[in-house]
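The values are calculated or read from the model by the stated rules, or taken from the named source; none is laboratory data. Note that the structure is predicted; figures quoted are calculated from it, not measured. Heads up, the Cβs are rebuilt from the backbone with ideal geometry, glycines too, and the neighbour counts pull from every protein chain shown.
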Amino acid sequence: MLIQIPPPSASRESEVTPESVYLSRRSLLAAAGGLAALAMLPAARAATEASPYADVEPARAPDWFVDKLSATQWRAVVPGDEAVAPFKTATRYNNFYEFGPDKTDPAARAGSLVTEPWTVTIDGAVARPGRYALEDLVKPQQLEERIYRLRCVEGWSMVIPWLGFSLADVLKRAEPTGQAKFVRFETLVDPERMPGQRSGFSLLDWPYVEGLRMDEAMHPLAILAVGMYGRILPNQNGAPLRLVVPWKYGFKSIKSIVRISLVEERPRTTWETSAPHEYGFYANVNPQVDHPRWSQVRERRLPGSLFSPNIIPTRMFNGYDEVAGLYSDLDLRKYY
Ligand SMILES: Nc1nc2c(c(=O)[nH]1)N[C@H]1C(S)=C(S)[C@@H](COP(=O)(O)O)O[C@H]1N2
Ligand SMILES: [Mo]
């Protein structure tokens, strides 16, 4: 089932795609007959060749991902004429506190994370709870590429091409009951492989927990991602399964998810628990509500350079105006 979202910021593919990538994709499509034959190649090779991102290094991927990739709907959502961040920027400048507090820690340390096999528990207020092998969770889904802005609460942002599927569809399959008012997500706990979880200095409690109100979770812009840049998700970006909610600050987009629970009470989320006056449950991108320690009026769009730090205005809901209706009854100053 395909959901077509025409965002107010929609544009033509050629406006968002670097020319080299656009051209390589076209030559790839010209060889479209070759795609069927790719199924017979080793996974790493097939995963690379089915991708329009010619500049991205090859990655080994499980069969289920390679199979899905050949039927991916490319560029289902694009962000106007804004440039996609280079793969290197999106994979070397990360927040993933399980691997340490510095931007370079996840790329340096997340290689040890074991993502196969991976099990996701769906439980709580649902008629059909279950524990799923990741490939079974993904099996009924069609992969879509969604090129979204990601705005971190710290004041930087990037444009990232995710590969994922509708969170709403996954939730509907579990058949939420009348008690389901919120969705609670949990990240893996594995202190042996996640050094940040061993550190006595971490300001966060584990597991990392995030949450959405039910109607937010059902919004078509909310996705679960399994890939980016036409390939499997790198560990530092939250492999093998992460949430992406582009109208909220980046910390809502929880990585390496092992549990999705439908609950009646608003979940106590990690950043809200650590500093409730700085980080709220809603965390909608909002230039009118400053963080207590800095302004949210502008953002640093990455990659910048020494000569051009690339400071741009931050937009309400990160430019995703189509979610405004979810908050028409909410005082966004109080519920930040
Ligand atoms: N489990 C977990 N998820 C997480 C985080 C984290 O530390 N742990 N950091 C969040 C923050 S603050 C941001 S900005 C985004 C960054 O995603 P990226 O590294 O893929 O750009 O991941 C979010 N998801
Ligand atoms: Mo963030």
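Taking the stretch 101-159 as the search range and keeping residues that are aliphatic (A, V, I, L, M) and under 30 Å from residue 81 (Cα atoms), which one is nearest to ligand 2 (Cβ to nearest atom)?
Checking each candidate, the answer is 153.
Looking at the stretch 240-280, which of its residues are of a type in the set (A, V, I, L, M) and either over 21 Å from residue 76 (Cβ atoms) or at pLDDT below 95 (or both)?
The answer is 254, 257, 258, 260, 262, 263, 275.
Residue 115: of a type in the set (Val, Ile, Thr), surrounded by fewer than 21 Cβ atoms within 10 Å (Cβ to Cβ) and touching a Leu at 6+ places or on another chain (Cβ under 9 Å), yes or no?
yes
Please go through the stretch 85-109 and give me each residue that is of a type in the set (D, E, K, R) and within 9 Å of ligand 1 (Cβ to nearest atom), ordered by number.
Correct list: 98, 103.
Which condition number in (1) away from ligand 2 (no atom under 16 Å from the Cβ); (2) closer than 24 Å to residue 194 by Cα; (3) among the β-branched types (Val, Ile, Thr) is the one that residue 89 fails?
Of everything listed in (1) away from ligand 2 (no atom under 16 Å from the Cβ); (2) closer than 24 Å to residue 194 by Cα; (3) among the β-branched types (Val, Ile, Thr), residue 89 misses just condition (1).
List, please: which pairs have Cβ atoms under 7 Å, are six or more places apart or on different chains, and start with a residue in the stretch 171-200 that is crowded, with 16+ Cβ neighbours inside 10 Å and end with one that is at pLDDT below 95 and in a loop (DSSP other than H, G, I, E, B)?
Qualifying pairs under 7 Å: 196/202.
Pick from the stretch 71-112 the residues that are aromatic (Phe, Trp, Tyr) and not in a loop (DSSP other than H, G, I, E, B): which of them is surrounded by the most Cβ atoms within 10 Å (Cβ to Cβ)?
99
Would the stretch 161-175 turn up any residue that is within 29 Å of residue 293 (Cβ to Cβ), within 16 Å of ligand 1 (Cβ to nearest atom) and not small (Gly, Ala, Ser)?
Scanning the stretch 161-175, I find no residue that is within 29 Å of residue 293 (Cβ to Cβ), within 16 Å of ligand 1 (Cβ to nearest atom) and not small (Gly, Ala, Ser), so the answer is no.
Report the residue count in the stretch 113-138 for those that are free of Cβ contacts under 8 Å to residues at least 24 places away in the same chain and assigned to a loop (DSSP other than H, G, I, E, B).
Qualifying residue count, the stretch 113-138: 1.
Assuming residue 168 fulfils every condition listed in (1) of a type outside the set (Asp, Glu); (2) touching a strand residue (DSSP E or B) at 6+ places or on another chain (Cβ under 7 Å); (3) closer than 18 Å to residue 120 by Cβ apart from one, which condition is it?
Result: residue 168 passes all but (2).
Where residues in the stretch 241-281 are of a type in the set (Asp, Glu) and away from ligand 2 (no atom under 16 Å from the Cβ), which of them is surrounded by the most Cβ atoms within 10 Å (Cβ to Cβ)? I'd like the intermediate steps shown before the answer.
Going residue by residue through the stretch 241-281, those that are of a type in the set (Asp, Glu) are 264-265, 272, 278.
Now drop any that are not away from ligand 2 (no atom under 16 Å from the Cβ), which leaves 264-265.
Numbers: 264: 12, 265: 10.
Within the stretch 241-281, the match that is surrounded by the most Cβ atoms within 10 Å (Cβ to Cβ) is 264.
Restricting to the stretch 322-336, name every residue that is surrounded by fewer than 12 Cβ atoms within 10 Å (Cβ to Cβ) and part of a loop (DSSP other than H, G, I, E, B).
328, 329, 331, 333, 334
Need pairs with beta-carbon distance below 8 Å; first residue within 21 Å of residue 114 (Cα to Cα) and in contact (Cβ under 8 Å) with a residue 12 or more places away in the chain and within the stretch 80-99, second within 10 Å of ligand 1 (Cβ to nearest atom) and β-branched (Val, Ile, Thr); sequence gap 6+ or separate chains.
90/160; 98/187
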